[in-house]
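Participant: Below is a structure I'd like to ask you about.
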Amino acid sequence: MTSPDVRRPPGPAQAGGMTPAGGLPRPAVLVSSMASDSHTWNLIFLQLLLEELGCAVTNLGPCVPDEMIEAECLARDPAMLVLSSVNGHGYQDGLRVAARLRARPELAGLPMVIGGKLGVSAALSPAQLEALFAAGFDAVHDDRSADPDGPLAFRRFVAARVTSAGRP
Amino acid sequence: MNLGAYVRRQPGLVVQPRMGLADPRAMRAGLRATRDAAAITAGTITLDSYTRVGDLAAIEYAMREGIALNGYPIVSHSPEVTRAVVDGIGGDDFPVQVRHGSARPQAIFRAVNAAGLRATEGGPISYCLPYGRTPLAESVANWAECCAILLDGGPGAHLETFGGCLLGQLCPPSQLVAVSVLEALYFHRHGLRSISLSYAQQTNADQDVEAVYALRRLTAQLLPDADTHTVIYTYMGLAPRTAGGVEALLTRAVEIAAGTGAERLIVKTAAEAHRIPTVAENIAALEHAAAQAAARYGTVADDPGEGQIYQEAYAMIDAVLNADADLGRAIVTAFRRGLLDVPYCLHPDNAGRSRSYLDADGRLRWAELGSLPIRAVAERTRAQAVSSAEFLESLSYVQRSFDAPALGRSTPAALALPEVNR
């Protein structure tokens, strides 16, 4: 994988978070792991990075059940959902969560990114990547792919889809 | 088979692996190899992560399909099977401890009793906050029940706190010490009298030595009538990539333990950065640690007395004990008020307003205190926030520092030996 494909047309970012004095509202981003993954450090790094990029982050933490991710997305109406998984179950968990969220009409247009160590041992195959896009992800960042540009590609995605959207 | 009594009898540092093998025969062979190693050892049965979260159906499925588990499924095997694993190996001269990581460990404790084992570990805070979403109040109640279960199993019960290892890294030592002591007090109030208190090696050896002395001083002051000892964990974060780096890191942990009079050490193997280590790799680590400990017998590190770490830990413990007469309720209240607040911990019951960073010497310091009750004693915090890049650097600080000599680079001054007096 070189850089993540962007499969959906950019839409206006939803307003969220605090409004800095004299500035634009910071877009609200939801960061979460999935049900079987108890790792935390990846989620903290993403939160700090997204905050530096100007986002207001809600971090759901490790071991988040599917129904809670769905409920939080519906309740918070975020500008983007970032799912991170490093225990090797990310591919399987990601397919399940994406299908569940995209089944809700309210979440059909929510920008969704998944990243981390998504498979147990090797990089995801092209067919697996395609399956994640087909399930509803707008970008996939597989840590085990040979892409040296991964973090930069994520920054570009955030900039293109969330933080600069709707600005003059 | 009391772990505390065994440790007290030994003439030197007791070393212990983190070994856990799914197959009963392999587990038995691992325990035998640990017992027979050229070291003073205690045995370990580490459980798999499905048992940790109580997903017994996943274990049945894995066993049926021949899928590898990452530890010994003590609840799924019958008591007879586990008794056969330790029969003739575990005993007064070789205690075996069960290690798990569960915030709902009642079934595990019953299986420990049923197998005739008497030692395990964890705690209501340390096995709740870092993993998953079990409410802290529920974990506190679960651990009270588990203390009763373990005591019901007969004499010789021993519990070790995991509180000195919270999240493994980036928690300033004073809070590790405070939580370790609070969990030990919790076990004591629920009837345990043989207790060990943990502390995990962090990023600066001088700071670790001061922390272990603070832990031992507070243990003596607050648990004077219990049989206690200190257990040091070799660094739990990102391991060095080079064999030389891992060995140097383990040697440093031995120096911290031996220099402060800590009685037991949990080792780390050279394979740890890449995969679950083999039995042979575990034995090599145990024997390396034992040889290093023997070479340092009788050395004593400088004791800074009631210094910074002691004062901060004392202030946190004092605030928690004053939050409620019932220690369980006090712990829950303390987290709600931010009197305890673990940096970077995302658990819903953690306030999440404290932050830590590594200074130029590799010392863990507070960047933000939140509501921690240590403003009067803590050093000044700094103005700028912790950036994502700095955070990543912190996570790999130990790895980079200990790999540097093996890769022909200079070692940062921060990792030089602590002062040692013969």
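Participant: Would you check which residues across the stretch A:74-90 are buried (at least 21 other Cβ atoms within 10 Å of the Cβ) and either over 16 Å from A:Phe157 (Cβ atoms) or within 14 Å of chain B (Cβ to nearest Cβ) (or both) and list them?
Facilitator: A:Val82, A:Ser84, A:Ser85, A:Gly90, listed by residue number.
Participant: Now, a different point. Given the criterion modelled with pLDDT of 95 or more and under 22 Å from B:Ala294 (Cβ atoms), identify the matching residue among B:Ala84, B:Ala42.
Facilitator: On the way: B:Ala84 fails: under 22 Å from B:Ala294 (Cβ atoms).
After applying the criteria, what remains is B:Ala42.
Participant: Which residue pairs have Cβ atoms closer than 8 Å, lie 6 or more positions apart in sequence or on different chains, and pair a first residue in the stretch B:375-396 that is within 11 Å of chain A (Cβ to nearest Cβ) and at pLDDT 90 or above with a second residue that is exposed (fewer than 15 other Cβ atoms within 10 Å of the Cβ) and outside any loop (DSSP other than H, G, I, E, B)?
Facilitator: B:Ser387/A:Glu52; B:Ser388/A:Glu52
Participant: Moving to a separate point now. Only one residue in B:Leu176, B:Leu166, B:Leu159, B:Leu150 is closer than 26 Å to B:Ala334 by Cβ and either over 14 Å from the mean Cα position of the chain (by Cα) or acidic (Asp, Glu) (or both). Which one?
Facilitator: B:Leu150
Participant: Answer yes if at least one residue in the stretch B:385-394 is surrounded by 18 or more Cβ atoms within 10 Å (Cβ to Cβ), of a type in the set (Val, Ile, Thr) and touching a Lys or Arg at 6+ places or on another chain (Cβ under 8 Å), and no otherwise.
Facilitator: Yes: the stretch B:385-394 contains one or more residues that are surrounded by 18 or more Cβ atoms within 10 Å (Cβ to Cβ), of a type in the set (Val, Ile, Thr) and touching a Lys or Arg at 6+ places or on another chain (Cβ under 8 Å).
Participant: Out of B:Gly4, B:Gly30, I need the residue that is touching a residue at least 24 places away in the same chain (Cβ under 8 Å) and either part of a loop (DSSP other than H, G, I, E, B) or more than 17 Å from B:Val112 (Cβ to Cβ) (or both). Which one? First the steps, then the outcome.
Facilitator: Numbers: B:Gly4 fails: either part of a loop (DSSP other than H, G, I, E, B) or more than 17 Å from B:Val112 (Cβ to Cβ) (or both).
The conditions single out B:Gly30.
Participant: In the stretch A:70-95, which residues are more than 14 Å from the chain's Cα centre (by Cα), part of a helix (DSSP H, G or I) and at pLDDT below 95?
Facilitator: Across the stretch A:70-95, the qualifying residue is only A:Gln92.
Participant: Just checking, which of B:Asp359, B:Asp318 is within 23 Å of B:Glu379 (Cα to Cα), in contact with a strand residue (DSSP E or B) (Cβ under 7 Å, 6 or more places away or on another chain), without any contact (Cβ under 8 Å) to a residue 60 or more places away in the chain and away from every other protein chain (no Cβ under 14 Å)?
Facilitator: Within the list B:Asp359, B:Asp318, the selection yields B:Asp359.
Participant: Same structure again: Quick one: which of B:Thr251, B:Thr269, B:Thr242 is closer than 27 Å to B:Gly408 by Cα and buried (at least 24 other Cβ atoms within 10 Å of the Cβ)?
Facilitator: From the options B:Thr251, B:Thr269, B:Thr242, the qualifying one is B:Thr269.
Participant: Looking only at residues in the stretch A:32-62 that are within 8 Å of another protein chain (Cβ to nearest Cβ) and in a loop (DSSP other than H, G, I, E, B), which one is nearest to A:Arg76 (Cα to Cα)?
Facilitator: Among residues in the stretch A:32-62 that are within 8 Å of another protein chain (Cβ to nearest Cβ) and in a loop (DSSP other than H, G, I, E, B), the one nearest to A:Arg76 (Cα to Cα) is A:Leu60.
Participant: Which members of the stretch B:48-69 meet the condition of being of a type outside the set (Gly, Ala, Ser) and either more than 24 Å from B:Arg133 (Cβ to Cβ) or in a helix (DSSP H, G or I) (or both)?
Facilitator: B:Tyr50, B:Thr51, B:Arg52, B:Val53, B:Leu56, B:Ile59, B:Glu60, B:Tyr61, B:Met63, B:Arg64, B:Glu65, B:Ile67, listed by residue number.
Participant: Based on this model, can you work out whether A:Gly61 counts as on the phi > 0 side of the Ramachandran plot, crowded, with 19+ Cβ neighbours inside 10 Å, of a type outside the set (Lys, Arg) and under 15 Å from the mean Cα position of the chain (by Cα)?
Facilitator: yes
Participant: Any residue at all in the stretch B:343-350 that is within 14 Å of chain A (Cβ to nearest Cβ), hydroxyl-bearing (Ser, Thr, Tyr) and within 22 Å of the chain's Cα centre (by Cα)? Steps first, please.
Facilitator: Here is the first cut: in the stretch B:343-350, the ones within 14 Å of chain A (Cβ to nearest Cβ) are B:343-350.
Filter once more, keeping what is hydroxyl-bearing (Ser, Thr, Tyr): B:344.
Now restrict to residues that are within 22 Å of the chain's Cα centre (by Cα): B:344.
Yes, because at least one residue in the stretch B:343-350 is within 14 Å of chain A (Cβ to nearest Cβ), hydroxyl-bearing (Ser, Thr, Tyr) and within 22 Å of the chain's Cα centre (by Cα).
Participant: Right, something else. For the stretch B:316-349, name all the residues that are crowded, with 19+ Cβ neighbours inside 10 Å, touching a Lys or Arg at 6+ places or on another chain (Cβ under 9 Å) and small (Gly, Ala, Ser).
Facilitator: Scanning the stretch B:316-349 gives B:Ala319, B:Ala323, B:Gly328.
Participant: Determine whether the stretch A:93-107 contains at least one residue that is more than 14 Å from chain B (Cβ to nearest Cβ), in contact with a helix residue (DSSP H, G or I) (Cβ under 8 Å, 6 or more places away or on another chain), surrounded by 22 or more Cβ atoms within 10 Å (Cβ to Cβ) and touching a residue at least 60 places away in the same chain (Cβ under 8 Å).
Facilitator: yes
Participant: Which of the following residues is away from every other protein chain (no Cβ under 14 Å), in contact with a Lys or Arg (Cβ under 9 Å, 6 or more places away or on another chain), among the small types (Gly, Ala, Ser) and at positive phi: B:Gly54, B:Gly66, B:Gly122, B:Gly101?
Facilitator: Going through B:Gly54, B:Gly66, B:Gly122, B:Gly101 in turn, just one is away from every other protein chain (no Cβ under 14 Å), in contact with a Lys or Arg (Cβ under 9 Å, 6 or more places away or on another chain), among the small types (Gly, Ala, Ser) and at positive phi: B:Gly122.
Participant: Provide a single number: the residues in the stretch A:34-58 that are surrounded by fewer than 17 Cβ atoms within 10 Å (Cβ to Cβ) and touching a His at 6+ places or on another chain (Cβ under 7 Å).
Facilitator: Counting residues in the stretch A:34-58 that are surrounded by fewer than 17 Cβ atoms within 10 Å (Cβ to Cβ) and touching a His at 6+ places or on another chain (Cβ under 7 Å) gives 0.
Participant: Turning to a different aspect of this structure: Determine if the stretch B:190-199 includes at least one residue that is closer than 27 Å to B:Glu306 by Cα, in contact with a helix residue (DSSP H, G or I) (Cβ under 6 Å, 6 or more places away or on another chain) and not in a strand (DSSP E or B). Full working, then the answer.
Facilitator: Initial filter on the stretch B:190-199 (closer than 27 Å to B:Glu306 by Cα): B:193-199.
Narrowing the set further to residues that are in contact with a helix residue (DSSP H, G or I) (Cβ under 6 Å, 6 or more places away or on another chain) leaves B:194-195, B:197-199.
So of that shortlist, the ones also not in a strand (DSSP E or B) come out as none.
No.
Participant: Could you please find all residues in the stretch B:291-308 being in contact (Cβ under 8 Å) with a residue 60 or more places away in the chain, touching a Leu at 6+ places or on another chain (Cβ under 9 Å) and assigned to a helix (DSSP H, G or I)?
Facilitator: Of everything in the stretch B:291-308, those that are in contact (Cβ under 8 Å) with a residue 60 or more places away in the chain, touching a Leu at 6+ places or on another chain (Cβ under 9 Å) and assigned to a helix (DSSP H, G or I) turn out to be B:Ala293, B:Ala294.
Participant: Which condition number in (1) away from chain B (no Cβ under 13 Å); (2) touching a helix residue (DSSP H, G or I) at 6+ places or on another chain (Cβ under 9 Å) is the one that A:Ala71 fails?
Facilitator: Unmet for A:Ala71, out of (1) away from chain B (no Cβ under 13 Å); (2) touching a helix residue (DSSP H, G or I) at 6+ places or on another chain (Cβ under 9 Å): (2).
The values are calculated or read from the model by the stated rules, or taken from the named source; none is laboratory data. Keep in mind it's a predicted model, so treat the numbers as computed, not measured. Counting neighbours? That spans all protein chains shown, and the Cβs are built from the backbone with ideal geometry, glycine included.
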